[in-house]
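For reference, the structure is listed below as structure tokens.
The values are calculated or read from the model by the stated rules, or taken from the named source; none is laboratory data. Just so you know, these numbers come straight off a predicted model, no measurement behind them. A quick note on method: Cβ atoms are made from the backbone with ideal geometry, for glycine too, and the neighbour counts reach across all protein chains shown.
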Ligand code: GLA
């Protein structure tokens, strides 16, 4: 109860039963059902690939997959959401995919969704452990493009299922790296480890503070309702897509800043090792944009550490103020916001009782995460829907989530 996030509509209606039924209809009996969740991240954005900290939690929305080993060599995988079935060799090579009668062939699947599954199998093989053939049906209820990591949920669901079904013996942290490397090598997004890590390690009622340099982590109880607050997600309705290249460009700019500082301090390996003073000292050697990107990250890493102290002490107003600061940095220094996201955060800032709000995830669209006093939440949400609707002609979706467990077998 204490982990409720917002009120309102959610996308999709997939359950373990409905996925199981669809599997039975197509491929017969005997499937197991696995799930892996999407996530929220309270604070610590674009810090994971800079070896800083993140503070995510798994949510009650994600991907479900009904799956059973097949005689092979080919696997049949059906996506409920795309109404598309693909037949492929998980050891390398696709023999065909059908949707409305179309068939295609090639080594790597053309369908974007299939690349994630194929990539996971290839990354496992690269590590010396092979996946057998499967029949599988999957679907999701994590809103696509809302910045809640539907792709990490897909990688984690299949990774977890393959690992268990074929007794591969990967740890959860290794599965997270496999999912992350699927993004790098098969999708083209050089993401950090946060989304896959939390999808596999999430715990009901807890946020996870992850040190992305060592992968050490600790769980922290998170119960805003006990303090009179609600966490609310408002979807800006701008679909974010990190494969467009801007995300990788931000990462390269951070790496460029590290190279410039490391030329003077060989011990510096990432922005985690760069202090605000060091950054100012070498500012003159950096392109202005590189400086701004680095400054945001260095500040955000420190902000997360202070924010954790606030949460531990129950200082929700102070934590919320840091969320506003994160948004300012993401918008003005890191430049990953949009007019829609800024509009929502500006309204939040000027509303009494909204402790904090910021864009969540990689940016370029997706959701605004809010921390709001329960007493004003409903009125604020009605207001944001009306005013955003008047400005942009679309009513933003309110997404309710419950902080939940990570990847697991359901049936
Ligand atoms: C995306 C990436 C993560 C992380 C966030 C920003 O969700 O997948 O690795 O970098 O953006 O914090």
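Residues in region 224-240 that are exposed (fewer than 15 other Cβ atoms within 10 Å of the Cβ) and in a loop (DSSP other than H, G, I, E, B): 228, 239. Residues of region 180-207 being more than 14 Å from the ligand (Cβ to nearest atom), under 15 Å from residue 41 (Cβ atoms) and in contact with a helix residue (DSSP H, G or I) (Cβ under 9 Å, 6 or more places away or on another chain), which ones? Across region 180-207, the qualifying residues are 201, 207.
The single condition from (1) at pLDDT below 95; (2) within 15 Å of the ligand (Cβ to nearest atom) that residue 215 fails is (1). Determine whether region 41-58 contains at least one residue that is at pLDDT 95 or above, farther than 30 Å from residue 255 by Cα, within 16 Å of the ligand (Cβ to nearest atom) and part of a strand (DSSP E or B). Looking for residues that are at pLDDT 95 or above, farther than 30 Å from residue 255 by Cα, within 16 Å of the ligand (Cβ to nearest atom) and part of a strand (DSSP E or B), one finds none in region 41-58, hence no.
In region 143-209, counting only helices (runs of 4 or more DSSP H) that sit wholly within it, the ones holding 1 or more residues that are in contact with a strand residue (DSSP E or B) (Cβ under 8 Å, 6 or more places away or on another chain), crowded, with 24+ Cβ neighbours inside 10 Å and at negative phi span 150-165, 194-201. Listed conditions (1) over 29 Å from residue 303 (Cα atoms); (2) crowded, with 24+ Cβ neighbours inside 10 Å; (3) within 12 Å of the ligand (Cβ to nearest atom) are all met by residue 134, apart from (3).
Search region 249-261 for residues that are closer than 15 Å to residue 284 by Cβ and pair each with any residue that is exposed (fewer than 15 other Cβ atoms within 10 Å of the Cβ) when their beta-carbon atoms are under 9 Å apart and the residues are at least 6 apart or on different chains. Short answer, once both residue conditions are applied: 256/287; 260/285; 261/281; 261/285. Output the residues belonging to region 140-158 that are more than 15 Å from the ligand (Cβ to nearest atom) and at pLDDT 95 or above. Across region 140-158, the qualifying residues are 157, 158.
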